[in-house]
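Here's the structure, in structure tokens; my notes come after.
The numbers here are math on the coordinates, done by the rules we state, and not lab data. Every value quoted in this text rests on a predicted model; they were computed, and no experiment measured them. Ideal geometry is used to build each Cβ from the backbone, glycine not excepted, and the neighbour counts take in all protein chains shown.
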Amino acid sequence: MRQSTKRLEISTRGKGLYEISDPVVAWVQESGLKTGLLTVFIQHTSASLTIQENADPDVIADLNDHFNRLAPEDNKLYRHTVEGPDDMPAHIRTALTGTQLAIPVIDGRLALGTWQGIYVFEHRRAGHCRSVVLHLLGE
Amino acid sequence: MRQSTKRLEISTRGKGLYEISDPVVAWVQESGLKTGLLTVFIQHTSASLTIQENADPDVIADLNDHFNRLAPEDNKLYRHTVEGPDDMPAHIRTALTGTQLAIPVIDGRLALGTWQGIYVFEHRRAGHCRSVVLHLLGE
Amino acid sequence: MRQSTKRLEISTRGKGLYEISDPVVAWVQESGLKTGLLTVFIQHTSASLTIQENADPDVIADLNDHFNRLAPEDNKLYRHTVEGPDDMPAHIRTALTGTQLAIPVIDGRLALGTWQGIYVFEHRRAGHCRSVVLHLLGE
């Protein structure tokens, strides 16, 4: 049994979903593991991780819009407004989606379904550089 | 340290929660592991996984209803409508709940609480066959 | 490769977030692991786990308030009302946030970001004693 870790730096351009499947899948392939467990972890509280459909780009746009409805930018709703009207909604959106994913490796490949992609979900209006940590364990 | 993996095929009959605790617990028992980590992963973007109370069936019905309120079937809200009025809400409901669970194994059994059950949460109106992957690691 | 497990008992004083980073980080340090994976699991269906900003306490208060909006205490919305008006909302809030976290250990420390803290999110009005299970794996 062996482990490896890696850090990805993902540049975002404001609210929305950014697919990171390619570098993640490539890194898992390089490891040569047959069976194992991948953990993806984002080191932020205003951006999150989600697995979503990577076929129709409208899904991604609708998802972002709906999270704006679930956590509206409206300073009257929040105490924490000093970092701008999008910051407290960003924390709520992060809590609703989560900062970590675990995906098994089976038969030498990540067990993603046909339409599943791995996304960084940026919740701030401005672009950010987001740090994503990968941990892989198996043999 | 050893690993094992398994695939469950879960037939759903439309929106709602379907408990899968029994086959999951049975498979973990068979492994004979004393200490370890179970990962449950669903290979879809319109069905998800959740741990919920398995005592009162009303909880499960209310949960499904409330997710209908959080992500309503209303084509006016979404761009992605080609797969039916329930498809985009299904993606949102999946993002809100997640596609993976990790549960420790301690003293030879899954560390589920007294009232916790493992559920597939189907978000489409029609029944589907859902693929759930299990990964177990420990000794 | 080795494993260890631990149980934390967390006393809550009603709805809100309770930081547990200190005992979790201390336990991971004591293990002496260089590289590994920590899993945090809460054995309840009316309290959950989340990673959130631990800088401004207003974030935590706003987060709790917004979850009251997402899952209101309103018996007319639910069938399951026998355990009080806060019980069904507690199950919904738990489904929206989740019962488990996985955090890599890298270079001998938990890979939490600068502002990330680990929280138990209590969803019932009354205080409870919540059981949190830790599982650590690595070398």
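Once Lys and Arg get +1 and Asp and Glu get -1 on their Cβ, which of C:45, A:16, C:31 lies farthest toward the positive end of the dipole of the protein assembly as shown?
The residue sitting farthest along the positive end of the dipole is C:31.
Run through every distinct alpha carbon pair of region C:29-96 and return the Kirkwood hydrodynamic radius in angstroms, one decimal place.
14.5
Counting pairwise Cα distances across chain A, what percent come out greater than 22 angstrom?
I get 40 percent for the Cα pairs in chain A exceeding 22 Å.
Using 1/(1 + (r/R0)^6) with R0 = 45 angstrom and r between the beta carbons of residue B:73 and residue C:7, what's the FRET efficiency to the nearest 0.05?
The formula returns an efficiency of 0.60 here.
What number results when the radius of gyration of region A:1-51, computed over Cα atoms, is divided by 2.2 N^0.38 Å?
Cα Rg divided by the expected 2.2 N^0.38 Å: 1.30.
What are the distances, in nm and sorted shortest first, from the label point of residue B:115 to the label points of the same position in each other copy, with each label point placed 7 Å from Cα along the Cα-to-Cβ direction?
With the label placed 7 Å along Cα→Cβ, residue B:115 yields 3.5, 3.5 nm.
Report the Cα centroid-to-centroid distance between region B:1-35 and region B:53-111 in angstrom, as an integer.
Cα centroid of region B:1-35 versus Cα centroid of region B:53-111: 19 Å apart.
Once you charge only the Cβ atoms, +1 for Lys and Arg and -1 for Asp and Glu, what is the size of the charge dipole of the protein assembly as shown about its Cα centre, to the nearest 20 debye?
It comes to approximately 640 debye.
Which of the lysines could be linked to residue A:15 by a straight reach, that is with a Cα gap under 22 Å, when you skip same-chain ones fewer than 8 residues away?
A:76, B:76
Using a label point 7 angstrom from Cα along Cα-to-C-beta, what distances in nm, from shortest up, separate residue A:58 from the other copies?
Label point to label point, same position, other copies: 4.0, 4.0 nm.
Would you work out the charge dipole size for chain C about its Cα centre, treating the Cβ of every Lys and Arg as +1 and the Cβ of every Asp and Glu as -1, and quote it to the nearest 20 debye?
440
Please report, for residue A:73, the nm distances (one decimal) from its label point, 7 Å out from Cα along the beta-carbon direction, to the equivalent points in the remaining copies, shortest first.
3.3, 3.3
Taking each residue in B:49-60, count the Cβ atoms of any other chain within 10 Å of its Cβ, then average. What number comes out?
That average works out to 6.
For peptide C:126-137, how many partner chain Cβ atoms fall within 10 Å of a residue's Cβ, on average?
Mean inter-chain Cβ contacts per residue within 10 Å come to 3.
Per-residue Cβ counts within 10 Å, from other chains only, averaged over B:67-74: what number is that?
3
Rounded if a/c is under 1.5, else prolate if a/b is larger than b/c, else oblate: which is the protein assembly as shown, with a ≥ b ≥ c the root eigenvalues of its Cα gyration tensor?
rounded
Cross-link candidates for residue A:6: which lysines have Cα within less than 21 Å, leaving aside residues fewer than 8 places away along the same chain?
Output for residue A:6: A:34, C:34.
Given B:80, B:138, B:63, which one lies farthest toward the positive end of the charge dipole of region B:8-139, if we put +1 on the Cβ of every Lys and Arg and -1 on the Cβ of every Asp and Glu?
Value computed over the given set: B:80.
Out of region B:1-75, which trypsin sites (Lys or Arg not before Pro) are coil in DSSP terms and have no more than 14 other C-beta atoms within 10 Å?
B:13, B:34
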